[in-house]
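Everything below concerns the one structure shown next.
The values are calculated or read from the model by the stated rules, or taken from the named source; none is laboratory data. Everything quoted here is computed from the prediction, not taken from an experiment. Heads up, the Cβs are rebuilt from the backbone with ideal geometry, glycines too, and the neighbour counts pull from every protein chain shown. For the accessible areas, the whole protein counts, side chains as well, though only heavy atoms, and no ligand, DNA or RNA atoms are used. Shrake-Rupley method; radii C 1.70, N 1.55, O 1.52, S 1.80 Å.
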Amino acid sequence: MAGAEEPAGRQSELEPVVSLVDVLEEDEELENEACAVLGGSDSEKCSYSQGSVKRQALYACSTCTPEGEEPAGICLACSYECHGSHKLFELYTKRNFCCDCGNSKFKNLECKLFPDKAKINCGNKYNDNFFGLYCICKRPYPDPEDEIPDEMIQCVVCEDWFHGRHLGAVPPESGDFQEMVCQACMKRCSFLWAYAAHLAVTKVTAEDDGLLLNVDVVGDQEVIQPENGAHRGGALKEDVPEHGKAAEKEVKAEQMNEPCTSSSSEADLQTAFKNQHLNTESQSGCKLEELKAKQFIKKDTATYWPLNWRSKLCTCKDCMKMYGDLDVLFLTDECDTVLAYENKGKVDQAADSRDPLMDTLNSMNRVQQVELICEYNDLKTELKDYLKRFADEGTVVKREDIQQFFEEFQSKKRRRVDGMQYYCS
């Protein structure tokens, strides 16, 4: 007998045990995630009427626009109403996009929610994500052929998704950074390297001449400025701006005209130049120029940025023009972030959510309300006591256990009702 029971025992040890609390917590987590992604988008009305939406949940339909055709994106409502039975790629969220559903890219489909659309949306931007391909490796996600566990991270600039191992630098823990800029976008927006030296998440501790220094890094490359002015680690020193060079010449000229004293030194020259340079920086009023005057490096890696890093970007006239030329003006908008979109979705969802119990109570008279509340409290108490037995015994609650509980509860309720005595006054 013991030998017959042993395989079953071993089998139960191998099977994962999931408690009711685990199920409820997982359901709540999934609901919160769905609320974050979809809560800021309308699930009933096509977003086309809003024009180019600042940020919304988007989908691509492989059934209507397969690979080889022109890429197209559809809004949340159209994914339900017009493409409910189709094969869709979930694109998470995209910025400044106008719904394509039913336009000239869809050969045999008319939008049911907003059929009167322009033939094409010229302001939309597309990438390989619209065909279900991601990262520089151009693979689907999830990828059945990829056996390496790896998270996908979205670039805040191009909005493509990348495997962590394909970003040129090991990503920090997911909770340690808020946004990522991929390698290609760092090359295109090279001004960000000046900010990365001071704002990027990754930092290392390096030892130089016996001193322990906290050094900003980009990727795996150190940037250290020892007292002798040398630099190491392959750092590329940025050229000093023209106004900085002029200031340096002025300071040197002043030093040449002054009599030499025992206190004069190269350090005094550097201090004088630094003070002169700071005065020049404060007059220019450009944060970027101030940062460019300091030492930083450029690497072929992605960069990782903390919360609110965008607020540190310079917004002077010249920088704003540069952002416009690079088509990255959105970087100066804190409301453009995915986090802002998700928070808005959660707030909107919380405002729209209504308690079905309270709705039912409001539709009843006082006697009915009291009866319903009593029934609810009885159900709550008995269900709690019933589940407590399983918790105390360490056993799993099965579907048939829940069915049995409600059958017994209904039976008790019928006995109570049948046994009631009614009196007439």
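For K294, no residue has an amide H sitting under 5 Å from its own, ignoring neighbours fewer than 5 places away on the same chain, with H placed 1.01 Å from N. Here the Karplus curve 6.51 cos²θ - 1.76 cosθ + 1.60, taken at θ = phi - 60°, turns the phi angles of region 156-172 into couplings of 6, 8, 7, 6, 7, 10, 10, 5, x, 7, 10, 10, x, 8, 5, x, x Hz, with x standing for Gly and Pro. Sequentially through region 104-116, phi angles give Karplus couplings (6.51, -1.76, 1.60; θ = phi - 60°) of 5, 6, 9, 5, 10, 9, 10, 5, 7, 9, 8, x, 8 Hz, Gly and Pro residues having no value and appearing as x. For region 68-97, the list of trypsin sites (Lys or Arg not before Pro) that fall in a loop by DSSP and count at most 13 other C-beta atoms within 10 angstrom reads K87. For the pair E371 and K346, the difference between a 0.36 nm per residue extended length and the Cα-Cα distance amounts to 5.6 nm.
Accessible surface of region 357-416, 1.4 Å probe: 52 percent of it comes from carbon and sulfur atoms. Computed with a 1.4 Å probe over protein heavy atoms only, the accessible surface of region 32-125 comes to 50 Å² per residue. Note on region 162-188 and region 55-90: Cα centroid distance 27 Å, given to the nearest whole angstrom.
Structure shown: which of K380/K413; K292/K317; K138/K344; K94/K287; K54/K344; K292/K321 lie over 21 Å apart, alpha-carbon to alpha-carbon?
K138/K344; K94/K287
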